[in-house]
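S.K.: Please read through the structure below; I'll follow up with questions.
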Amino acid sequence: MNEKKPQYKPVRFKDYLAKQLRDPVFRQHYEEYGKQLEVAYQILQLRKKQGLSQARLARKLGTNQSNIARMESGQQNFTQAED
């Protein structure tokens, strides 16, 4: 009845990430998501610089506010244009 709880050793995130990045599949997904977050941040900064609300930008783009919110949070998938 006296079961021992497993002991967990704390791991720093940067050490965990470095280990995960050794996996090529993980690295590819990590880099792709990083690019997506960069685009999301740029959209947010440009919208704010122009003094637009999410709703106003959505109207200009022919979409709705929730799509803009997803874009800015990095939860919206983006399609990259081919050259």
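Computed from the coordinates by the stated procedures, all read-outs in this text should not be read as laboratory data. Nothing here was measured: the structure is a model prediction, and the numbers come from that model. Backbone-built Cβ (ideal geometry, glycine too); neighbour counts: all protein chains shown.
S.K.: Among the trypsin sites (Lys or Arg not before Pro) within segment 1-74, which fall in a DSSP loop and have no more than 12 other Cβ atoms within 10 Å of their own Cβ?
M.R.: Working: sites: LYS4, ARG12, LYS14, LYS19, ARG22, ARG27, LYS35, ARG47, LYS48, LYS49, ARG56, ARG59, LYS60, ARG70; in loops: LYS4, ARG12, ARG22.
Counting only loop positions with at most 12 other Cβ atoms within 10 Å, the trypsin sites (Lys or Arg not before Pro) in segment 1-74 are LYS4, ARG12, ARG22.
S.K.: Right, something else. Where does helix 24-49 land angle-wise versus the long Cα axis of the chain, in degrees 0 to 90, nearest 10?
M.R.: The answer is roughly 40 degrees.
S.K.: Mind checking the dipole of the chain: about its Cα centre, +1 per Lys or Arg Cβ, -1 per Asp or Glu Cβ, Debye to the nearest 20?
M.R.: Numbers: 16 positive and 9 negative charges, 98 e Å.
Result for the chain is approximately 480 debye, rounded to the nearest 20.
S.K.: So between ARG12 and ALA55, what do we pick up on full extension, going 0.36 nm a residue minus the alpha carbon distance?
M.R.: Numbers: separation 43, 0.36 × 43 = 15.48 nm, distance 3.95 nm.
Contour length minus Cα-Cα distance gives 11.5 nm.
S.K.: Residue by residue, what Karplus-based ³J(HN,Hα) values in Hz, rounded to whole numbers, does segment 10-22 have, using 6.51, -1.76 and 1.60 with θ = phi - 60° and x for Gly and Pro?
M.R.: In residue order, the calculated couplings are x, 10, 6, 4, 5, 5, 4, 5, 4, 5, 5, 5, 6 Hz.
S.K.: Before anything else, pin down the relative contact order of the chain: Cα pairs under 8 Å, at least 6 apart, normalised by residue count, whole percent. Mind dumping the intermediate values first?
M.R.: Numbers: 36 pairs, mean separation 18.5, N = 83.
It rounds to 22 percent for the chain.
S.K.: Within the chain, which GluC sites (Glu not before Pro) sit in a loop by DSSP and count at most 13 neighbouring Cβ atoms inside 10 Å? Could you put the intermediate results ahead of the total?
M.R.: Working: sites: GLU3, GLU31, GLU32, GLU38, GLU72, GLU82; in loops: GLU3, GLU82.
Qualifying residues, ordered by number: GLU3, GLU82.
S.K.: In Å and whole numbers, how far do the C-alpha atoms of the chain stretch along each principal axis, longest first?
M.R.: That works out to 63, 38, 22 Å along the principal axes.
S.K.: Here is a further query. Go ahead and estimate [θ] at 222 nm for the chain from helices alone: -39,500 (n - 2.57) per DSSP H run with n ≥ 4, summed, over the residue count, rounded to 500. Don't skip to the answer; put the middle values down first.
M.R.: Values: 4 runs with 51 residues, N = 83.
Calculated at 222 nm, the ellipticity per residue is -19500 deg cm²/dmol.
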